[in-house]
Amino acid sequence: MARTITVIPGDGIGPEVTEATLRILEAAGADLEFDHRLAGVAALEQLRTPLPEETLDSIRRNRVVLKGPLTTPVGSGFRSINVALRKEFDLYANVRPARTLMPGGRYEDIDLVLIRENTEGLYVGVEHYIGMEGDPRAAAESVMIVTRFGAERIVRYAFEYAKRHGRRKVTLAHKANILKYTQGLFLEVGREVAAEYEGEIEFEDRIIDATAMALVLDPYQFDVLVMENMFGDILSDQMAGLVGGLGFAPAGNIGREAAMFEAVHGSAPDIAGKGVANPTSLLLSACMLLDHVEQAETAARIRTALERVLRAGEVRTPDSGGSATTAEFTDAVIRALD
Ligand code: NAI
Ligand code: MG
């Protein structure tokens, strides 16, 4: 029986790249049924809430989501719908592969995966101002939360991911030399977990700033990387830069109860409705989704077709130096399917 997934097309270019992605999934014979739901501005306009209960119910039922970019409406009470969804379903692992698809970039044959802790760290948003001498905002303070539970499950996720995907090494990046308690705990727990995989998966720990430099100097020394929330946010974008930018970067947000696969770029209001958006990021996210629901063969066929089109270079969208429309690019990928 076909697996039903929740599809949230999103805002701006979201519906365009979603349509392209679903067409390719169908052409490739993915065994999926699509339960279309709204979130973001589209939901606010039609259902008067940016995160409708029926969308949440659909995700609870289906447990797997494909999501286009969402424009966060100002003054909605949510800091961001993306953050709200991650919180609601405790999507603790943010998985960001960075793989070269188009030749001629800064590097060839990059193949890295960053696993970012998605629920803790500074991004819990426990912040406040401190008033002094008549200035209510003389200072500001933010709290970094690291729990043994949170650190353990993300590092374990990284090792299990490495095992499942035939990877050789996990690098834990941290700042325990300065943040001795929070980052110290993350490193301590990480080393404990790593010890369980000794002889199976190689392990190293490195300081975050040195890791950032090493990623640019010689990315090939890395394989799977794991780190806390904010460091992961920054380095995953840096890694996307190694392979041609956010337009080529997919993402999965994984929890025990649900998994959400999304484009990492935003809703691109500057090109929305023009039919020229590049669907690659969402399509690659859909391939991660297929891996997740045990349709890895279909995912592999789509990745091969996509790579063929990008390498041939005749049909590319404007952001990657071509002049093709979203529909033309989508047709080319479908033609390139085996
Ligand atoms: P953006 O990623 O939407 O756009 C940045 C630049 O990249 C623009 O010039 C855009 O045209 C281009 N671009 C992005 N995706 C593209 C694609 N698939 N094909 C071709 N060109 C593409 O970032 P921006 O402008 O900062 O944010 C716009 C809106 O998106 C904001 O409301 C923001 O909150 C939201 N956003 C949502 C995200 C999500 O849902 N995961 C992530 C980032 C931003
Ligand atoms: Mg980010």
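The numbers here are math on the coordinates, done by the rules we state, and not lab data. The structure displayed is predicted, hence computed values, not measured ones. Cβ: placed from backbone, ideal geometry, glycine included. Neighbour counts: every protein chain shown.
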Can you pull the one-decimal nm distance between simple spin-label points at GLU45 and GLU198, each 7 Å off the Cα toward Cβ? 5.9 nm
According to the square roots a ≥ b ≥ c of the eigenvalues of the Cα gyration tensor, what is the shape class of the stretch 96-244, taking rounded for a/c under 1.5, prolate for a/b larger than b/c otherwise, and oblate for the remainder? oblate
Report the FRET efficiency, 1/(1 + (r/R0)^6), for ILE130 and ILE178, where r is their Cβ-Cβ distance and R0 is 35 Å, rounded to 0.05. 0.95
Relative contact order, percent, of the chain when contacts are C-alpha pairs under 8 Å separated by at least 6 residues? 22 percent
Just need the relative contact order of the stretch 96-244 here, percent rounded to a whole number, with Cα pairs under 8 Å and 6+ apart. 35 percent
Quick one: of the DSSP bridges fully inside the stretch 96-244, what percent are antiparallel, nearest 5? 45 percent
Once both label points are put 7 Å beyond Cα along the C-beta direction, the ARG60-ARG308 separation in nm becomes 4.4 nm
Name the most mobile residue of ALA139, ALA324, ALA39, meaning the one with the largest mean-square fluctuation, in a Gaussian network model of the chain with Cα contacts below 10 Å. ALA139
Hey, with R₀ at 25 Å, roughly what FRET efficiency would MET213 and GLU108 work out to, going by the Cβ-Cβ distance, to 0.05? 0.75
Of LEU22, MET239, LEU70, farthest towards positive along the dipole that unit charges on Lys, Arg, Asp, Glu beta carbons give the chain: LEU22
Past the 27 angstrom mark, what percentage of all C-alpha to C-alpha distances in the chain do you count? 47 percent
Counting only residues 5 or more apart in sequence or on a different chain, those whose built amide H sits under 5 Å from that of LEU70 are ASP11
Cross-link reach from LYS67 to lysines, straight Cα distance under 19 Å and at least 8 residues apart if same chain, gives LYS87
Please work out the Cα center distance from the stretch 190-221 to the stretch 1-36, rounded to the nearest Å. 36 Å
Among bridges DSSP assigns within the chain, what percent are antiparallel (round to 5)? 45 percent
Once you list every other residue whose beta carbon is under 10 Å from the beta carbon of ARG3, what net charge do they have if Lys and Arg are +1 and Asp and Glu are -1? -2
Using a/c under 1.5 as the rounded threshold, could you call the stretch 199-322 rounded, prolate or oblate? The axes a ≥ b ≥ c are square roots of the C-alpha gyration tensor eigenvalues, and prolate needs a/b larger than b/c, oblate otherwise. prolate
Rounded to the nearest 500 deg cm²/dmol, what is the calculated helix-only ellipticity per residue at 222 nm for the chain, with -39500 (n - 2.57) per DSSP H run of length n ≥ 4? -12500 deg cm²/dmol
Env charge @ ARG37, Cβ radius under 10 Å, K,R +1 / D,E -1, value -2
Relative contact order, percent, of the stretch 199-338 when contacts are C-alpha pairs under 8 Å separated by at least 6 residues? 16 percent
Counting Lys and Arg as +1 and Asp and Glu as -1, each charge on the Cβ, what is the dipole of the chain about the Cα centre in debye, to the nearest 20? 180 debye
For the stretch 38-111, which chymotrypsin sites (Phe, Trp or Tyr not before Pro) are both in a DSSP coil and crowded by at most 15 other Cβ atoms within 10 Å? TYR107
Would you look at the GNM of the chain, springs on alpha carbons closer than 10 Å, and say which of ASN118, ASN278, ASN177 moves the most? ASN177
Rounded to one decimal in nm, the spacing of the 7 Å Cα→Cβ label points at GLN221 and GLU160 is 3.1 nm
On the formula 1/(1 + (r/R0)^6), with r taken between the Cβ atoms of GLU297 and GLU88 and R0 of 30 Å, the FRET efficiency rounded to 0.05 is 0.40
